[in-house]
Amino acid sequence: EHSMIFAMPNKPGEYSRFDFPEVLPAPLNGIWAILKNNEMLTWPEKVKFAIGLLPAMLGGQAYVEAQDGLTVSEWMEKQGVPDRVNDEVFIAMSKALNFINPDELSMQCILIALNRFLQEKHGSKMAFLDGNPPERLCMPIVNHIQSLGGEVRLNSRIKNIELNPDGTVKHFALSDGTQVTGDAYVCAAPVDIFKLLVPDAWKEISYFKKLDKLVGVP
């Protein structure tokens, strides 16, 4: 058996548990955990929340993707989910998933997480790094790339992505005047900055046109 434990914002020092029994498969273990918890939501709130989630359960991934244009708050209002579900559950989930409030986060993010809870027996289990992220998450990735002959550059601002005549990458032109060439490239940049970096020749390609719908979060 494993549990999800929430701090109670209106009861400092108190916690609420959702216990997932090992003997039940998904989604029954999650349903049991919600029904057994009487500290965060009342029975009417549980019922309305469950009814609101029915389209996600029945519609699958297609429904999840279609909710990308709605914030968590907008989706809740549309589905008739009580505000207290937002206060007790979704604020914590939004902060955990993307460090922002429900009125700023796409409902798609929440539904992706909830769908995993519903479809996988251990989908609600979470793991923590056994150390600081730079040493235990980033460095193993860097070491793997370097072991295969790759190179990782930090604090290297890209000025332009230069292309070959066939539209493939010729090199990255950095702001310090150097050029970076390779067989494959990975660039980490905020959404708004990456939009400015995309070459004109790529902007009409359907894959890159999807960037038009992305909005950077400060």
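The values are calculated or read from the model by the stated rules, or taken from the named source; none is laboratory data. All values derive from a computational prediction rather than experimental measurement. We place every Cβ from the backbone using ideal geometry, glycine too, and count neighbours over all the protein chains shown.
For region 7-21, which positions are in contact with an Asp or Glu (Cβ under 9 Å, 6 or more places away or on another chain), within 15 Å of M93 (Cβ to Cβ) and at pLDDT 80 or above?
S16
For region 1-26, name all the residues that are in contact with a Lys or Arg (Cβ under 9 Å, 6 or more places away or on another chain) and either closer than 17 Å to I110 by Cβ or of a type in the set (S, T, Y) (or both).
S3, M4, F6, F18
For region 193-216, what are the residues that are surrounded by 13 or more Cβ atoms within 10 Å (Cβ to Cβ) and within 23 Å of the chain's Cα centre (by Cα)?
F194, K195, F208, L211
Consider F99 carefully, then state whether it is exposed (fewer than 15 other Cβ atoms within 10 Å of the Cβ) and of a type in the set (F, W, Y).
Criteria met by F99.
Among the residues of region 191-211, is any hydroxyl-bearing (S, T, Y), assigned to a helix (DSSP H, G or I) and out of contact with any strand residue (DSSP E or B) (no Cβ under 6 Å at 6 or more places or on another chain)?
The answer is yes, given that some residue of region 191-211 is hydroxyl-bearing (S, T, Y), assigned to a helix (DSSP H, G or I) and out of contact with any strand residue (DSSP E or B) (no Cβ under 6 Å at 6 or more places or on another chain).
Would you check which residues across region 69-90 are modelled with pLDDT of 90 or more, closer than 13 Å to Q108 by Cα and not acidic (D, E) and list them?
Correct list: L70, T71, V72, S73, W75, M76.
Mind listing whichever residues of region 57-90 are under 21 Å from F6 (Cα atoms) and buried (at least 17 other Cβ atoms within 10 Å of the Cβ)?
Residues satisfying the conditions are V72, S73, M76, V81, P82, V85, N86, E88, V89, F90.
Restricting attention to region 14-56, and to residues there that are among the hydroxyl-bearing types (S, T, Y) and under 16 Å from N86 (Cβ atoms), which single residue is surrounded by the fewest Cβ atoms within 10 Å (Cβ to Cβ)?
The qualifying residue surrounded by the fewest Cβ atoms within 10 Å (Cβ to Cβ) is T42.
May I ask you to say which residue of L35, L53, L24 is over 23 Å from the mean Cα position of the chain (by Cα) and either in a helix (DSSP H, G or I) or at pLDDT 90 or above (or both)?
Selected residue: L35, the only one of L35, L53, L24 that is over 23 Å from the mean Cα position of the chain (by Cα) and either in a helix (DSSP H, G or I) or at pLDDT 90 or above (or both).
Quick check on my filter: what residues within region 66-117 are out of contact with any helix residue (DSSP H, G or I) (no Cβ under 7 Å at 6 or more places or on another chain), among the charged types (D, E, K, R) and touching a residue at least 12 places away in the same chain (Cβ under 8 Å)?
Answer for region 66-117, where residues must be out of contact with any helix residue (DSSP H, G or I) (no Cβ under 7 Å at 6 or more places or on another chain), among the charged types (D, E, K, R) and touching a residue at least 12 places away in the same chain (Cβ under 8 Å): E74, D87, E88, E104.
Consider only pairs whose beta carbons are under 6 Å apart and that are at least six residues apart or on different chains; among these, list those whose first residue lies in region 22-40 and is small (G, A, S) and whose second residue is at pLDDT below 85 and assigned to a loop (DSSP other than H, G, I, E, B).
Listed by first residue and then by second, the contacts come to A26/E120; A26/K121.
Working only within region 1-21, note down all residues that are touching a helix residue (DSSP H, G or I) at 6+ places or on another chain (Cβ under 9 Å), more than 13 Å from S124 (Cβ to Cβ) and in a loop (DSSP other than H, G, I, E, B).
M8, P9, N10
Given the criterion in contact with a His (Cβ under 9 Å, 6 or more places away or on another chain), more than 30 Å from I5 (Cα to Cα), of a type in the set (A, V, I, L, M, F, W, C) and surrounded by 11 or more Cβ atoms within 10 Å (Cβ to Cβ), identify the matching residue among V152, V180.
V180
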